[in-house]
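Here is the structure we will look at.
The values are calculated or read from the model by the stated rules, or taken from the named source; none is laboratory data. Worth saying up front: this structure is predicted, and the values here are computed from it rather than measured. FYI the Cβ positions are ideal-geometry reconstructions off the backbone, even for glycines, and counts take in every protein chain you see. Just the protein is used for accessible areas: all its heavy atoms, side chains included, with ligands, DNA and RNA removed. Shrake-Rupley method; radii C 1.70, N 1.55, O 1.52, S 1.80 Å.
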Protein chains: 2
Amino acid sequence: MQTDVLSAKFAALADPTRRAILARLARGETSVGELSKPFEISAPAISKHLKVLEKAGLIARGREAQWRPCKLNATALKEVDNWLEEYRRLWEERLDRLDDYLNQLKSKETKRERRSRSKP
Amino acid sequence: MQTDVLSAKFAALADPTRRAILARLARGETSVGELSKPFEISAPAISKHLKVLEKAGLIARGREAQWRPCKLNATALKEVDNWLEEYRRLWEERLDRLDDYLNQLKSKETKRERRSRSKP
């Protein structure tokens, strides 16, 4: 089955090891050997994760014979951000409403405290 | 295997039908029947998608006996946005550099055109 580009990106991001690999690559390109050091998984397992990330366009591999450095392709994440953009307004509105509600609760509480303090 | 919350969200988003369901719910809550109308898939398949979205916290289902409306939980997408935030600076820098490069190319081209026009 052909997977659409955005689905492939989301699927690639749905794994903590792959997200950790991206976080490492955000600090600069590096070799597969260096990349696998912090993970307690086999080299083939790391290679499999890298293939998923590469297929989703999230990383690129160098073509040097001896050393094939992995590089983050951060612009590929912009597509994920563009998708989220449609929903940003919705969660911001919801968080604003939650803020308003908490402020109302707080102000009611303050009034109640004042009233109980003014009572003899 | 226990899936972490963020991985569950990314996995839930890695499907065009599930993203289309979220897009429909962004316009307001609705019933499962209404939700399945635009999709050429069976009611059980839609139910399966809704379960994935619900488990990932992206939607909530009403508890009314006759009518269990589905509702988007947009604030759950904020966690995905928070994760992306770390990478935003990187792709913005890269797009800025690309802009600079294109501007340089354009200005070289303009100079070349001027020179060729000033020649007899």
Roll a 1.4 Å probe over the protein heavy atoms and report the accessible area of A:Glu113 in Å², nearest 10.
-> 90 Å²
Three-way shape call for chain B based on the alpha-carbon gyration tensor, with the a/c threshold at 1.5 = prolate
Can you give me the three principal axis dimensions of the protein assembly as shown from its C-alpha atoms, in Å, biggest first?
-> 93, 47, 43
Total formal charge among the other residues, if their Cβ is under 13 angstrom from that of B:Asn82, Lys/Arg +1 and Asp/Glu -1 = 0
If labels are modelled 7 Å from Cα along the Cβ direction, A:Ala26 lies from its partners in the other copies at nm distances, smallest first, of 2.3
Work from the charge dipole of chain A (Cβ charges, +1 for Lys and Arg, -1 for Asp and Glu, about the Cα centre) and give the residue of A:Thr30, A:Leu6, A:Ile41 farthest towards its positive end.
-> A:Ile41
Fully extended contour minus Cα-Cα distance, from A:Arg68 to A:Ile41, at 0.36 nm per residue | 7.7 nm
Taking the axis that carries chain B onto chain A, what is the nearest Cβ in chain B, and at how many Å, to the whole number?
-> B:Phe10, 3
Listed by chain and number, the aspartates and glutamates with an alpha carbon less than 15 angstrom from that of B:Lys51, same-chain partners under 8 positions apart left out, are B:Asp15
Nearest-first distances (nm) between copies at A:Gly62, label 7 Å from Cα via Cβ = 5.9
Computed helical MRE - 222 nm, chain B, DSSP H runs ≥ 4 contributing -39500 (n - 2.57), nearest 500 | -22000 deg cm²/dmol
Alpha-carbon spread of region B:1-42, three principal axes, descending order, Å | 33, 22, 15
Measuring from a point 7 Å out along Cα→Cβ, what nm distances, shortest first, does A:Glu93 have to its partners in the other copies?
-> 3.6
